[in-house]
Every structure is written in C-alpha cells, then in structure tokens.
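Q: Take a look at the following structure, please.
The values are calculated or read from the model by the stated rules, or taken from the named source; none is laboratory data. Just so you know, these numbers come straight off a predicted model, no measurement behind them. For neighbour counting, all protein chains shown are included, and Cβ atoms are generated from backbone atoms with ideal geometry for every residue, glycine included. Just so you know, the surface numbers come from the protein's heavy atoms only, side chains and all, with ligands and any DNA or RNA stripped out. Shrake-Rupley method; radii C 1.70, N 1.55, O 1.52, S 1.80 Å.
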Amino acid sequence: MKPMAHLGVGIGWRPEIADAVDRLDGLDWVEVVAENICPGHLPEALRRLRERGTRIVPHGVSLGLGGADRPDPQKLAALGERAVALGAPLVTEHIAFVRTSSPVLEAGHLLPVPRTRDALDVLCENVRIAQDALPVPLALENIAALFSWPGEEMTEGRFLTELVERTGVRLLIDVANLHTNRVNRGEDPAAVLDAIPLEALAYVHVAGGVERDGVWHDTHAHPVPPVVLDLLAELRSRVEPAGVLLERDDDFPPEAELAHELATIREVVTATARKAAPKPGPVPEPKKTAAEPHTGAGARAAEPATGAQPEAGPQAGAGTGPEAGTQPEAGAEADVAPGAGAGPEAASGGGGARTRVALGQAALLSALVAGTPVPEGFDRARIRVQVRALAAKRADVVAKVAPELPGILGGSGPYRKAFLAYAKGRPMTAGYRRDALDFAEHLLIQDLPADPAARRRLTAWWRERAGARPPRRIVRWARTLVGRAA
C-alpha cells in the first residue's frame, strides 16, 4: 500500500465555528460531515477555504457499512458527488450499523458491529460495493461504543487487520474512541495499535469526552483530555500519521481555546517519537475471486491520495442521513435500498451471513429504540445507558433540525419532556426531519400544546413543512381511540 499524501493538522468544519476556522493560523485542512452539505450550494465560508487551497475531506455518517443490508446506491452516489464537488483526496465513513430494514428502525447513532466471521464477511462485501461506487479512496473509522456484543470471535486489532487485508481499505483511527472503548469495554488501546497495519492509516481523529458513573461518553463537546493526547503520542511513536484532526461538535469554546487545542495537537504530532518502531511490512493485496471482482473505483482505494480533482462521479440521490457516532449535526433523513454484490456466503440470498447478522442487529436495535427485551448475553446495565443516550440524542437533534419547536412548546425543558414522552415506544424509522414532523403531529392529535396560541403556531409550523392539513378533530379522536385499544 502506497503512503498517504500529507494532510497535516486540521479541524472538523462546523457552521457554528466557520468564522473561527477561517481565521485559524496554520490550519492545514478540514473535514465536513458529508450529509450536511449540498454540493451545489456550499456555505460561503467553506467555499472560501477551498478557493484558498485548503483540503476538504467529506466524512459520511449514514452509510451503515456494518449493517446487514447492502449499501444504498443513492447514498453512495451522494457521497461520491460531495467528494467531487470538494475536490477531496478521499472520503471516510465508519465501521458501524445505523439501521435495520426488517423491522424498519433508525438508531440515529453509530452502533458497534459484532466482531464475528459473519459480520466481517458482510462488512467486507459492503466495503467492496462502496469502493466500486466511489470516485476516490475510502477510509473507515473505528467507533466508540458503550457495550460489547456477546460471542465475539476476534479482537478489535484482528478484525481491523482482516478488513484491510481483504478489501485494501484504509483506516481512520480515532484515538478518543480507543480511550472510550478502554473505559467501556476493557480494551487495551496499545494492543489495538500494535495489531493493526499502520501503513493503512489514512489519518487520525482526536476529540474530547467525559466520564460519568464509570461510563465514558464520547461527546465531542469537551476539551481533549490528557489521556487522549497520550494515546495520540502512543500512535505517533509507532507511525507518523499523514493527518490529525480535532473534532468538536457542540458547546463550542472561544476561538482562542480552539487554537490552543490545535497547537497542543500539533506539538504532540511534531514531537520526536519517544521510541523507535520497526517499519511495518506491506499490506497484502485484497483477495480476489471470480465471484468478487475488484476492478472499478474500489481498486483505486489502494492508490495514494493526491490534491488533484477527482474525475466526475455518479450523480447524487437523497444522500442524507443521521449524524451519528458523536454529537450530531442537524439534518438527517435515511432509508435503505438493497444493492448488489457478491461476497463469501453472504451472496447466498436469504440464508447465510447476512441473515444471521440481520437477526442479531434487529433484536439489538429493537431493544434500544422500541422497548423490546434485551437479547441474551448483553450487559443490561450498559444497554439501559445506551437507551437513555439514544433518546437524549434524538431529542437534541430534532431540536437542531426544528429549532422552532422548543420555542413553540415553551422552552427547552417542556420541549424535552414532551419529546421524550413521545419517543418512548415510538422508534424513529425515517430520519430526524420526519421525526420532527411526526412529533408535532403526535402533539396535535392530543390537542397539545394546551395553550391555544401555541397550538395554532404548531399547526402552522406542521402544515408548512408537511404540505398538508393537520388531521381533523374526528380523525384525531379516531386515532386516539385506536391507540388506546391497542
């Protein structure tokens, strides 16, 4: 595998800090949440960065490559279109699942895949489908997790290594996520760094979080703690990363604090490695079979990234989805459409690896968002923590997608209470924007809010966005009676 082109030290671009990012001295590059930009209507601040020659990498959050379904062709096309529009040297995504199609459920968050042979087979096939559809190389990020799957067959290091060996995909290593998994799952970050093929490293994420009651929450809303910087130094002692990026998604600090965090990261990155490490050997070429050709864009994933403009890629479709994995960005619709492809055992149609992975993921996600029993073998206390975290995140993102709702409902406190009551037993199935509309309709069906003026405002808000009249009173009564009967 050829070396990555140099990126340097960068920051995650967010609209809330666009002006600060524009003024940061010595900023080498930025990363944007792919689903939150429109290629034909880039924000002015982002367009200025590109015109200055600042590299921009789109970071996808909605593909769900670790899910049982094949990647949605529209989402792949949308991600490729953003790479072309930004002149990106690569695109990145996550090793995670975010939804199930039977039943149709959205997590609104990045969830861990089981480290089993079945899950690896499905992931590898999905990665190859994505590589063949994308116009630039793909790199995948390790995620933070609150819990582990029962019956796992591989360590994190072995899982990532086999993924690279079988697909040639690059890795985006988040050292904050390594720390999260040390606290929450008892995993040794050094063992992961020792095991994975660091020559496949695309770049590195650094972020802050907070520990509560023995659980580390990867918030991206706190300063980077020393323990995460120590892990960055550990990684640096083994390899010189092509790029390191600071992620911040909420509770944005003053510009001076952002600049200080970037300077601290740069100091760690540029410091002399604390110990010499032997150069790793070459990454084996992806395995090829007659059933799994590896020719199109996927073959280019192993080529070095350059600053050149990628050739025109596929036209984008819907291309939106939940901001997941950390603190979310606003704006998320998601759905699944089956794709095509071949893979070991998974290509057998209804049976095999995909079916087994689908059953396990559906049972878990149903427990997390629909109130069904927790599958056997999971840590029930940790699952309860995840349930609360997903509900709170869902409320936060809907408030970002529809900022008028807290104002209509009398403030963040009444809004949050009403939304969490609505969300209990009503899982998200079609993304955050649809969730906001469904929440408003749910209130109107119950003749809420109680204040007539607020109810009129909510009715007008719903009507403007739904493109339809709200349910008549007799319809609301009928729906309420049906709900009570159920």
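Q: Among the residues of the stretch 5-45, what is the count of those that are surrounded by 19 or more Cβ atoms within 10 Å (Cβ to Cβ), out of contact with any Phe, Trp or Tyr (no Cβ under 7 Å at 6 or more places or on another chain) and more than 15 Å from LEU262 (Cα to Cα)?
A: Number satisfying all stated conditions: 6.
Q: Let me ask something additional. Scan the stretch 132-160 for residues that are in a helix (DSSP H, G or I) and within 21 Å of the chain's Cα centre (by Cα) and report the count.
A: 6
Q: Limited to the stretch 180-203, what total is found for residues that are farther than 20 Å from GLU152 by Cβ, outside any loop (DSSP other than H, G, I, E, B) and open to solvent by 10 Å² or more (accessible area, probe 1.4 Å)?
A: Within the stretch 180-203, the subset farther than 20 Å from GLU152 by Cβ is 197-203.
Then keep just the ones that are outside any loop (DSSP other than H, G, I, E, B); that gives 198-203.
Pick out the ones that are also open to solvent by 10 Å² or more (accessible area, probe 1.4 Å) and you get 198-199, 201.
Of the residues in the stretch 180-203, 3 are farther than 20 Å from GLU152 by Cβ, outside any loop (DSSP other than H, G, I, E, B) and open to solvent by 10 Å² or more (accessible area, probe 1.4 Å).
Q: So, in the stretch 1-24, how many residues would count as being part of a loop (DSSP other than H, G, I, E, B) and aliphatic (A, V, I, L, M)? First the steps, then the outcome.
A: Within the stretch 1-24, the subset part of a loop (DSSP other than H, G, I, E, B) is 1-7, 13-14, 24.
Those still in the list that are aliphatic (A, V, I, L, M) too: 1, 4-5, 7, 24.
Summing the residues that are part of a loop (DSSP other than H, G, I, E, B) and aliphatic (A, V, I, L, M) in the stretch 1-24 gives 5.
Q: Could you count how many residues in the stretch 412-441 are more than 20 Å from the chain's Cα centre (by Cα) and among the hydroxyl-bearing types (Ser, Thr, Tyr)?
A: Qualifying residue count, the stretch 412-441: 3.
Yes/no per residue for (1) outside any helix (DSSP H, G or I); (2) without any contact (Cβ under 8 Å) to a residue 40 or more places away in the chain; (3) of a type in the set (Gly, Ala, Ser); (4) farther than 18 Å from LEU365 by Cβ:
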{"site": "ARG384", "(1), (2), (3), (4)": "no, yes, no, no"}
{"site": "LYS400", "(1), (2), (3), (4)": "no, no, no, yes"}
{"site": "GLY413", "(1), (2), (3), (4)": "no, yes, yes, yes"}
{"site": "LYS417", "(1), (2), (3), (4)": "no, yes, no, yes"}
{"site": "LEU420", "(1), (2), (3), (4)": "no, yes, no, yes"}
{"site": "LEU448", "(1), (2), (3), (4)": "yes, yes, no, yes"}
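Q: Right, here's the next one. Do we have VAL206 as touching a residue at least 12 places away in the same chain (Cβ under 8 Å) and surrounded by fewer than 23 Cβ atoms within 10 Å (Cβ to Cβ) here? Quick ask: steps written out before the conclusion?
A: Working: touching a residue at least 12 places away in the same chain (Cβ under 8 Å): yes; surrounded by fewer than 23 Cβ atoms within 10 Å (Cβ to Cβ): no.
When the stated conditions are applied, VAL206 does not pass them.
Q: Across the stretch 236-264, which residue is least open to solvent (accessible area, probe 1.4 Å) among those that are part of a helix (DSSP H, G or I) and more than 20 Å from ARG23 (Cα to Cα)?
A: SER237
Q: Given (1) touching a strand residue (DSSP E or B) at 6+ places or on another chain (Cβ under 9 Å); (2) open to solvent by 30 Å² or more (accessible area, probe 1.4 Å); (3) assigned to a loop (DSSP other than H, G, I, E, B), where does ALA389 come up short, assuming only one miss?
A: Answer for ALA389: the failing condition is (3).
Q: Pick from the stretch 46-58 the residues that are modelled with pLDDT of 95 or more and open to solvent by 10 Å² or more (accessible area, probe 1.4 Å): which of them is farthest from HIS109 (Cα to Cα)?
A: In this case the residue turns out to be THR54.
Q: Do we have any residue at all in the stretch 153-163 that's among the β-branched types (Val, Ile, Thr), free of Cβ contacts under 8 Å to residues at least 40 places away in the same chain and closer than 29 Å to ALA5 by Cβ? Spell out how you get there, then give the answer.
A: To start, the set of residues in the stretch 153-163 that are among the β-branched types (Val, Ile, Thr) comprises 155, 161.
Retained after the next criterion (residues that are free of Cβ contacts under 8 Å to residues at least 40 places away in the same chain): 161.
Within this subset, residues satisfying the condition of being closer than 29 Å to ALA5 by Cβ are 161.
Scanning the stretch 153-163 turns up at least one residue that is among the β-branched types (Val, Ile, Thr), free of Cβ contacts under 8 Å to residues at least 40 places away in the same chain and closer than 29 Å to ALA5 by Cβ.
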